[in-house]
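Input: a single structure, listed below in C-alpha cells.
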Amino acid sequence: MSGAVGARRCTPADVTSPKPDPAGGGSKLPPPIASGLYGCCPRCGAKTLFRNFLAYADRCGACGLDFTAFNVGDGPVVFLTLGIGTLVTILALWVEFTFSPPVLVHVLLWIPITLVLTVLMLRISKGLLLALEFRNKAQEGRLRED
Ligand SMILES: [Zn+2]
C-alpha cells in the first residue's frame, strides 16, 4: 500500500483495554488486539497489516517491518474450527431440541452463520496472532551449536 506513510496509527485509546501494558511503562507498541481489530502494524501502529480483507501485506508501508518473516501457520484456523464449530453445534442442537424445525431451516441458518463468523474472526485472529508472534519474538526452534 503506497499511501501508508500517512496512515492513521492505532493507539491504545482505539482499544478499550483497562489493563496496563504488561511489558512495562516504556513500551510504545500498540496492543496486539489492535492488529486484529484494525489491521495495525505490531511495531509502529500504522494500519498497514492487511493488503486486503484477509491477506497480509508484504511489509509495513510506514516502518518497513517485513510481515513475510512471520509465520502464523494454521494457528488461526485451528482456533476458529474449534471455537466456531463448538458454538454452532451447540446452537444447532439447542434449536433442534427446542423448536424441531425442518432440516432446510438448519441448512439456511447455520451455513451462512458459520461462513460469516469464520471470515470475520479469521481476520481478527490472524492479526492478533501475528502481533503476538512479533511481541513475543516467537520463531522456529533451532539447535544451538556449541
Ligand atoms: Zn509498521
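Give a residue-ordered list of calculated ³J(HN,Hα) values for region 32-38 (Karplus: 6.51 cos²θ - 1.76 cosθ + 1.60, θ = phi - 60°; whole Hz; x for Gly, Pro).
x, 5, 5, 5, x, 7, 10
Can you list the HN-Hα couplings for region 86-102, worked out from phi with the Karplus curve (6.51, -1.76, 1.60; θ = phi - 60°), rounded to whole Hz and with x for Gly and Pro?
5, 4, 5, 5, 4, 5, 5, 5, 4, 4, 4, 6, 8, 10, 6, x, x
Quick check: from the Cα gyration tensor, does region 27-71 come out rounded (a/c under 1.5), prolate or oblate? Kindly include the intermediate steps, with their values, before the conclusion.
Working: a/c = 1.64, a/b = 1.21, b/c = 1.35.
Oblate is the answer for region 27-71, as a/c is 1.5 or above yet b/c matches or exceeds a/b.
What is the set of long-range amide H partners of Tyr56 at a cut-off below 5 Å, with H atoms built 1.01 Å from backbone N?
Arg51
Suppose the chain between Leu143 and Asn52 were pulled fully straight at 0.36 nm per residue; how much longer would it get relative to their current alpha carbon spacing?
The span from Leu143 to Asn52 would gain 29.1 nm if fully extended.
Cys41's amide H: which non-local residues (gap 5+, or another chain) put their own amide H closer than 5 Å, with H modeled 1.01 Å from N in plane and none for Pro or chain starts?
Those lying under 5 Å, H to H, from Cys41 are Ala46, Lys47, Thr48, Leu49.
Read-outs: derived from the displayed coordinates by stated rules, not from any lab. Bear in mind the structure is a predicted one, so any value in this text is a computation, not a measurement.
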